[in-house]
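Here's the structure, in structure tokens; my notes come after.
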Amino acid sequence: MKQFDFDKDFAVGADISWYPQMLESGFVFRNKDGKEQDLLLTLKDYGMDTIRLRTWVNPSNNPHSGHCSAKETLDFARRYSAMGYRIMLNFHYSDSWADPKQQRIPAAWEKLDFDGLVQKVFDYTYETVKLFAPDDLKLEWVQIGNETRPGMLLPHGSADNFDKLVQLYNAGHDAVKAASPESKTMIHLDEFNNTDFIIKYFEDLDKRKCRYDMMGFSFYPYHLPKLSYETCMEGLCRSMTEIPKRFGKDFLIVETGGVDEQEEETFKLLTNIIEEAHRMNKCKGILLWEPQGAKSWSRYPLSAWRADGCPSKALDALCGIKK
């Protein structure tokens, strides 16, 4: 396998927010040799050093679309940090999934006017980030929203009205800095191959003096069936080249992955992304999304885990990262 030398601070990791619920349900995790092993140790065997955790405002107890309250997320983070993992916190600003198809206002915030919503974003973000301080849990990165291509907290924070959207982003950024000055804030968009859209989006933010430290992106060729894999990769390469030059910001690929049953294809995808990241000194890390979320448990087709509890061959691609 070809090896790529990266800086020691290059982040390699995953969002594993489902992990506690998987354990509670009795799912047994094994290493690549089939031996029962703590998932966190198995991920370290693949060179992972970073854990990304989502948090929701008032979630249900549904194991697939709930949990992840601020206090639960803190409990998860304590365990991961104690094992030496770097921590990224991902605010969805919703009671459940927030993504390009849904950016719902939390039920408890629905009656707020826009100014009240801006203040609530600041207060909630500040209080949540501050929770981590007494335990000396360093939040290295904090996402202000999740895959906010259409905006967030719709309809108020729609990307059709960047003036309002920027106020929400800035409230989140300012709250993070007030609670944890060393944490890096991040704005996160999907479809990293969509270069022209991303450039226009961040130009609109910058025109309105949006405050943020880094960019975060999702890249899922699986979600783009109208485009060939080759076309998706061409778009990724263009974005990784042009966007840092245009804005001068560091970025992370905070979500990527492939179909669990297509192990060879996902291995190829991750290998190609690693090779492109190696070319770019502005790329500061690659994180997979729920690689341990086996479809037999999650009912979701994207993962790098088998029903027998073992990691799939796809994760072997990470062994090409040398630090």
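Against the condition in contact with a helix residue (DSSP H, G or I) (Cβ under 9 Å, 6 or more places away or on another chain) and farther than 27 Å from Ser81 by Cβ, how does Leu131 come out, does it pass?
Values: in contact with a helix residue (DSSP H, G or I) (Cβ under 9 Å, 6 or more places away or on another chain): yes; farther than 27 Å from Ser81 by Cβ: no.
Answer is no for this residue.
Under 25 Å from His173 (Cβ atoms) and either crowded, with 16+ Cβ neighbours inside 10 Å or among the aromatic types (Phe, Trp, Tyr) (or both): does that describe Ile16? So Ile16 does not fit the description; no. Among the residues of the range 207-234, count how many are surrounded by 14 or more Cβ atoms within 10 Å (Cβ to Cβ), under 17 Å from Gly151 (Cα atoms) and over 17 Å from the mean Cα position of the chain (by Cα). Result for the range 207-234: 3.
For the range 137-228, which fully contained strands (runs of 3 or more DSSP E) count at least 3 residues that are out of contact with any Cys (no Cβ under 9 Å at 6 or more places or on another chain), free of Cβ contacts under 8 Å to residues at least 60 places away in the same chain and closer than 29 Å to Thr241 by Cβ?
In the range 137-228, the matching strands (runs of 3 or more DSSP E) lie at 184-189.
Candidates Trp297, Trp289: the one that is within 18 Å of the chain's Cα centre (by Cα), in contact (Cβ under 8 Å) with a residue 40 or more places away in the chain and buried (at least 19 other Cβ atoms within 10 Å of the Cβ) is Trp289.
Listed here are the residues, each with its yes/no results for (1) within 20 Å of the chain's Cα centre (by Cα); (2) crowded, with 20+ Cβ neighbours inside 10 Å; (3) closer than 26 Å to Cys310 by Cβ.
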| position | (1), (2), (3) |
| --- | --- |
| Leu39 | yes, yes, yes |
| Tyr46 | yes, yes, yes |
| Asp49 | yes, no, yes |
| Asn62 | no, no, no |
| Tyr80 | yes, yes, yes |
| Gly84 | yes, no, yes |
| Leu89 | yes, yes, no |
| Asp113 | no, no, no |
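With respect to being touching a Lys or Arg at 6+ places or on another chain (Cβ under 9 Å) and among the basic types (Lys, Arg), Arg78 falls outside the description.
Within the range 121-178, count every residue that is among the charged types (D, E, K, R), closer than 20 Å to Asp99 by Cα and crowded, with 17+ Cβ neighbours inside 10 Å.
Just the residues of the range 121-178 that are among the charged types (D, E, K, R), to begin with: 123, 127, 130, 135-136, 138, 140, 147, 149, 160, 163-164, 174, 177.
Subsequent filtering for residues that are closer than 20 Å to Asp99 by Cα retains 147, 149, 160, 164.
Applying the additional criterion that residues be crowded, with 17+ Cβ neighbours inside 10 Å yields 147, 149, 164.
Final tally of qualifying residues: 3.
Bear in mind these aren't lab numbers, they're just calculated from the coordinates by the rules spelled out. If you're wondering where the values come from, they're calculated on a predicted model, not measured in any experiment. We place every Cβ from the backbone using ideal geometry, glycine too, and count neighbours over all the protein chains shown.
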